[in-house]
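Contents: one structure, followed by commentary.
The values are calculated or read from the model by the stated rules, or taken from the named source; none is laboratory data. Source: prediction; values computed, not measured. Here the Cβ positions follow ideal geometry from the backbone for every residue, glycine too, while neighbour counts run over all protein chains shown. Keep in mind that these areas ignore ligands, DNA and RNA; they rest on the heavy atoms of the full protein, side chains included. Shrake-Rupley method; radii C 1.70, N 1.55, O 1.52, S 1.80 Å.
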Amino acid sequence: MQNGEYKKLTKNLNGNWVNTGGGAGGRINPLQIRILPKDDEMEEEEKGLGDYPLHFQFLRSFFKMYFADLTDLQLALLEKLLEELYAKFNITKETDISKVKNTEFPILSDLYDYIEEKIKTDTLNLENYNVLLSLLYPIAKGSQEAVWNGYTAVTSNAKCVCLDTFDLQNGDERMKKAQYYNILTWCWQEIARDRDEQVVLFCDEAHL
């Protein structure tokens, strides 16, 4: 596998090429709530959890993969902060996610800034807030900001999308686990979005 091996092919097919380890070409915002496919033949009560609560399950796994030392208390606090942040962006479990634009979702730097605001008024959780800020800094403001901090910029209606993972291999295990989980969850959402459309997912050298 070579760096940018499929970039030219993707561009020739008018597709999207994304460097998932460096942010070039776009990114997939982990805070953007994914729209899950619904089976039209199912009764309303059979459809189970909606997009909003299911996305929180994704976020729990995502943050636990990246922040392996996160305690249960800190994870619960982070989830509460995320709920408050989404509400600040007028997104709740009642929101029709299909009507929310990519640029209307919060991004990781918004989460970081919101926690900084909370520190000024909630001194009871000061220690845990500072821990969360320290953990979030690299991906929200620091060295890995380009990978996740930004709006989803992949054109989902493109006929060909190349998620280039070459540079991702240079990341540490936590980064790789979290980003593979992020991009594969996005892939599944796109694949299942239209059950009548034929979609093929190729994973070159997946053993890596």
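Given the structure, is residue 107 without any contact (Cβ under 8 Å) to a residue 40 or more places away in the chain, open to solvent by less than 60 Å² (accessible area, probe 1.4 Å) and either of a type in the set (A, V, I, L, M) or touching a Lys or Arg at 6+ places or on another chain (Cβ under 7 Å) (or both)? It is false that residue 107 is without any contact (Cβ under 8 Å) to a residue 40 or more places away in the chain, open to solvent by less than 60 Å² (accessible area, probe 1.4 Å) and either of a type in the set (A, V, I, L, M) or touching a Lys or Arg at 6+ places or on another chain (Cβ under 7 Å) (or both).
Considering 176, 120, 159, which residue is within 30 Å of residue 6 (Cα to Cα), free of Cβ contacts under 8 Å to residues at least 12 places away in the same chain and either open to solvent by 90 Å² or more (accessible area, probe 1.4 Å) or part of a helix (DSSP H, G or I) (or both)?
Numbers: 120 fails: within 30 Å of residue 6 (Cα to Cα); 159 fails: free of Cβ contacts under 8 Å to residues at least 12 places away in the same chain.
Within the list 176, 120, 159, the selection yields 176.
If you go through segment 179-188 one residue at a time, do you hit one that is under 19 Å from residue 27 (Cβ atoms), in contact with a Pro (Cβ under 8 Å, 6 or more places away or on another chain) and either crowded, with 17+ Cβ neighbours inside 10 Å or among the small types (Gly, Ala, Ser) (or both)? Give the steps one after another, and end with the answer.
In the first step, residues of segment 179-188 are kept if they are under 19 Å from residue 27 (Cβ atoms); the result is 179-188.
Of the ones still in play, those that are also in contact with a Pro (Cβ under 8 Å, 6 or more places away or on another chain) are 182.
From what's left, either crowded, with 17+ Cβ neighbours inside 10 Å or among the small types (Gly, Ala, Ser) (or both): 182.
Yes, segment 179-188 has at least one match.
Would you point out which residue out of 201, 126 is closer than 23 Å to residue 74 by Cβ and exposed (fewer than 15 other Cβ atoms within 10 Å of the Cβ)? If you could, list the steps in order and put the result at the bottom.
Values: 201 fails: closer than 23 Å to residue 74 by Cβ.
Answer to the check: 126.
Looking at residue 147, is it under 19 Å from residue 32 (Cβ atoms), at pLDDT below 90, open to solvent by less than 60 Å² (accessible area, probe 1.4 Å) and of a type in the set (A, V, I, L, M)? For residue 147, the condition - under 19 Å from residue 32 (Cβ atoms), at pLDDT below 90, open to solvent by less than 60 Å² (accessible area, probe 1.4 Å) and of a type in the set (A, V, I, L, M) - is not met.
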